[in-house]
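Novice: Quick one: the structure is below, and I'll ask about it shortly.
Laboratory data are not the source of any read-out in this text; all were calculated from the coordinates shown. Bear in mind the structure is a predicted one, so any value in this text is a computation, not a measurement. Cβ placement follows ideal geometry from the backbone for every residue including glycine, while neighbour counts extend to all protein chains displayed.
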């Protein structure tokens, strides 16, 4: 059952908000000048707490962008193994010859690289943690980035989330639209960039989900559904199993309904993100350029947070309830000791900031008429 905090959130007053003034990285006009935010009173379900965040400054228009789910569903975005890239090369005509604009990614299939082509006339947003299924094994996107419209094939950095399979199921990948990778898996991919660490996180998540399944029969035998889950190495297949989805939805659905109601109420107030606490500890924050972009990702995000809460539950321990002040302090600490920037000139900049006990990633659009932050993710170490 949703805690009594839900009522205070749904009928929130201005006094429930805490004002933030944030500057990311300390470089005005560069990676990341972030305007003010308000952190609202939380809702809680069991060991998962969500703090809505609304923007105090101007939000940015993102209707000209396309998401991975939208692109794959329409067929305008194609993801394939590296060895299948040749047929995807976009060719241009000149009066003299037909030639590829860019070199085509070569070689055969590789664990940590896929090939993507964006045939849409809109730039594509890719977020670390998005899962694609098919090919020789399921993968998770390793970095936030933007792909220009009508692109030639690009090399896409990914991590395997299905150890043990290397047999092609489909030539083109599908987007796992129901859920992003949970924060513990996203962190291994984004911050650690380590395949073994990703596999370890996937294995731990699977065991946590199995532990949440119904107990064995009176005869001591696990159910057929549990045996099926035990036999698969696919993170996506585990999360898509009806029994697992039912457990995740038991946590996510009430929070999603409440948040969707609040988003509608607060659309004029510019709800742009959340701070997430699990087991009483702040673990993650996702902030977007505007409410519309948040709403597109929200169904996938809330299920990823719910999965994290389920697979990291602390048994037989009284959890302290995190408060709005703690969420505010989590967001305030954005300046770090080290900054790494990856950029494609004129397209995007991805800035990684490492601090004491946290890492921040900020994706900035550099396309014409943009120059603003698309997504900010902060994770506790």
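Novice: Between residue 121 and residue 356, how many nm apart are label points set 7 Å from Cα along the C-beta direction?
Specialist: Once both label points are built, they end up 5.3 nm from each other.
Novice: Please give the length that would be gained between residue 325 and residue 61 if that part of the chain were fully extended, namely 0.36 nm times their separation in residues minus their C-alpha to C-alpha distance (nm, one decimal).
Specialist: 92.0 nm
Novice: If I take R0 = 22 Å and measure r between the Cβ atoms of residue 112 and residue 170 in this structure, what FRET efficiency does the formula 1/(1 + (r/R0)^6) give, to the nearest 0.05?
Specialist: 0.70
Novice: Where in region 351-381 does the amide nitrogen come within less than 13 Å of the point 7 Å from the Cα of residue 333, taken along Cα to Cβ?
Specialist: 354-360, 379-381
Novice: I want to check the label-to-label distance for residue 178 and residue 314. Put each point 7 Å from Cα in the C-beta direction and report it in nm to one decimal.
Specialist: If labels sit at residue 178 and residue 314, their model points lie 3.0 nm apart.
Novice: If we sort 49-55, 245-251, 66-72 on the protection proxy, mean other Cβ atoms within 10 Å, highest first, what's the order?
Specialist: Highest-to-lowest ranking by the protection proxy: 49-55, 66-72, 245-251.
Novice: Any number yet on Rg/Rh for region 106-157, C-alpha, Kirkwood?
Specialist: That ratio is 0.96, to two decimals.
Novice: Between residue 232 and residue 204, 0.36 nm times their residue separation minus their Cα-Cα distance comes to what?
Specialist: Full extension from residue 232 to residue 204 adds 8.7 nm.
Novice: Can I ask one more? Give the calculated FRET efficiency between residue 74 and residue 342 to the nearest 0.05, with a Förster radius of 22 Å applied to their Cβ-Cβ distance.
Specialist: Given R0 = 22 Å and the Cβ-Cβ separation, E is 0.20.
Novice: What is the Cα centroid distance between region 39-75 and region 316-378, reported in whole angstrom?
Specialist: Using only Cα atoms to place each centre, the spacing works out to 14 Å.
Novice: Also: Express in nm, to one decimal, how much length is gained between residue 292 and residue 381 on full extension, taking 0.36 nm for each residue of separation and deducting their alpha carbon distance.
Specialist: My answer for the length gained is 29.1 nm.
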